[in-house]
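We did not get these values from a lab; they are worked out from the coordinates using the rules stated. Being a predicted model, the structure only gives us computed values, none of them experimental. Note that each Cβ is placed from the backbone with ideal geometry, even for glycine, and that neighbours are counted across all protein chains shown.
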Amino acid sequence: MSRLYFIHHSSYLWVGDRSMILWDYYGKGEVASFLAEHPDKRLYIMVTHSHGDHYSPIIFDTPFVTHAGGVVYIFHEELKETINREEVHYLETGEDWEDNQIMVKAFGSTDCGGSFYVEVEGQKLFHAGDLNNWHWNQEADEEYIELYETHWQRELERLTDSVRLLDLLMFPTDLRLGRDYLKGLRSLLAMTEVKYLAPMHLNGVLDPKELEELCDKYGIDLLLPQPQIARILR
């Protein structure tokens, strides 16, 4: 059993028995109190890419660097050009890294940087970063839509060739995409068995009805973003 906390935007905190994982924290949302509650758990901080709504240098300050259980930084290689630090493990797309508690593999993105698949304490987790089908089909021309569809299908194939089962999927449901904002998610769920879905990167106020119907179709537990609320993953 583990717990998941929505922090802000695309940032989530996963808390297990021995480890904690913080994804794409950029200074907004409460994290310090959770770290204080679990001083002996090792903290893994993962950053998918360098966009300002996914990364901030604040993660190299207190309370992160002073966390008693130790901190491990894992970034996608894209960040190395601008944030090159000795304490960071940089992963190229397709590369993996592990220690005695977790295994992490970097996958690609359809925007910037990448995404992370994690195996930890018997659970399989995936944080998509900005990986999505950014079709913008209500405003883009056909050439643009086809370009992004091709890019998305390539990354979807790369992911689903090796990942077909997830305990937790954290995936963008960006409302700016318009009426077909779940297009990328729909195609991923058709190819991957998912137990829990945690939406992120909303950029608006979500009406959950369509998302609930999609999750019901696949027997998925939907974890709507609610700051400070612990969601139990069994």
> By the scheme Lys and Arg +1, Asp and Glu -1, what is the net charge of all other residues having a beta-carbon under 9 Å from that of HIS135?
Replying inline: -1
> Against the longest alpha carbon principal axis of the chain, how many degrees, from 0 to 90 and to the nearest 10, is the axis of helix 142-160 turned?
Replying inline: 50
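Can you say what percent of the DSSP beta bridges in region 108-234, counting only those with both residues inside, are antiparallel? Round to 5. Each step should come with its number before you reach the end.
Values: 5 of 17 bridges.
Of the beta bridges lying entirely in region 108-234, close to 30 percent run antiparallel.
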> Share of antiparallel DSSP beta bridges in region 7-109, in percent to the nearest 5?
Replying inline: 35
>> Rounded to whole Å, give me the distance from the Cα center of region 148-187 to that of region 190-234.
In response: 14
> Counting Lys and Arg as +1 and Asp and Glu as -1, each charge on the Cβ, what is the dipole of region 1-136 about the Cα centre in debye, to the nearest 20?
Replying inline: 340
>> I want to make sure I understand the PRE zone here: with the label point 7 angstrom from the Cα of ALA230 toward its beta carbon, which residues in region 7-28 have backbone N atoms less than 15 Å away?
In response: 13-21
> So who's got an amide H within less than 5 Å of the one on LEU233, skipping anything under 5 residues away but keeping other chains? H placed 1.01 Å off N, in plane.
Replying inline: SER2, ARG3, LEU4
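Students often check this: by mean Cβ neighbours within 10 Å, which of 52-65, 158-171 ranks highest, and how do the rest follow? Intermediate results must be reported in sequence, preceding the final value.
Details: 52-65: 14.9, 158-171: 17.4.
Highest to lowest by the protection proxy: 158-171, 52-65.
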> Using the beta-carbon distance between LYS209 and ALA36 and R0 = 45 Å, what value does 1/(1 + (r/R0)^6) give for FRET efficiency, to the nearest 0.05?
Replying inline: 0.75
> With axes computed from alpha carbons, what is the tilt in degrees of helix 209-218 against the longest principal axis of the chain, rounded to the nearest 10 within 0 to 90?
Replying inline: 80
>> Under a crude label model (7 Å from the Cα following the beta-carbon direction), how far is CYS112 from MET191 in nanometres?
In response: 2.5
> When the scattering of region 1-119 is computed by the Debye formula from its Cα atoms alone, each counted once and equally, what is log10 I(q)/I(0) at q = 0.13 Å⁻¹?
Replying inline: -0.45
> Around GLY178, what is the net charge, scoring Lys/Arg as +1 and Asp/Glu as -1 over all other residues with Cβ under 14 Å from its Cβ?
Replying inline: -2
>> Could you give me D for the chain, from Stokes-Einstein at 20 °C and 1.002 mPa s, where the hydrodynamic radius is the Kirkwood radius over C-alpha pairs? Units µm² s⁻¹, please.
In response: 120
> Where the only charges are on Cβ atoms (+1 Lys, Arg; -1 Asp, Glu), what is the dipole of the chain about its Cα centre, to the nearest 20 debye?
Replying inline: 820
> Could you give the length gained on full extension between ASP61 and LEU147, defined as 0.36 nm per residue of separation minus the Cα-Cα distance, in nm?
Replying inline: 27.0 nm
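So how strong a dipole does region 94-231 carry about its Cα centre when Lys and Arg Cβ are +1 and Asp and Glu Cβ are -1, to the nearest 20 debye?
Details: 13 positive and 27 negative charges, 81 e Å.
For this selection, approximately 380 debye.
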> ³J(HN,Hα) across region 25-32 via Karplus (A = 6.51, B = -1.76, C = 1.60, θ = phi - 60°), whole Hz, x for Gly/Pro?
Replying inline: 8, 10, x, 9, x, 7, 10, 4
> Picking from GLY70, GLY16, GLY204, whose Cα lies most toward the positive end of the charge dipole for the chain (charges on Cβ: Lys, Arg +1; Asp, Glu -1)?
Replying inline: GLY16
>> Under the rule of at least 5 residues apart or a separate chain, name every residue whose amide H is placed under 5 Å from the amide H of TYR73.
In response: ILE45, HIS89
> So which lysines can LYS105 reach, going by Cα to Cα under 27 Å and dropping same-chain residues fewer than 8 places off?
Replying inline: LYS28, LYS41, LYS80, LYS124, LYS183, LYS195
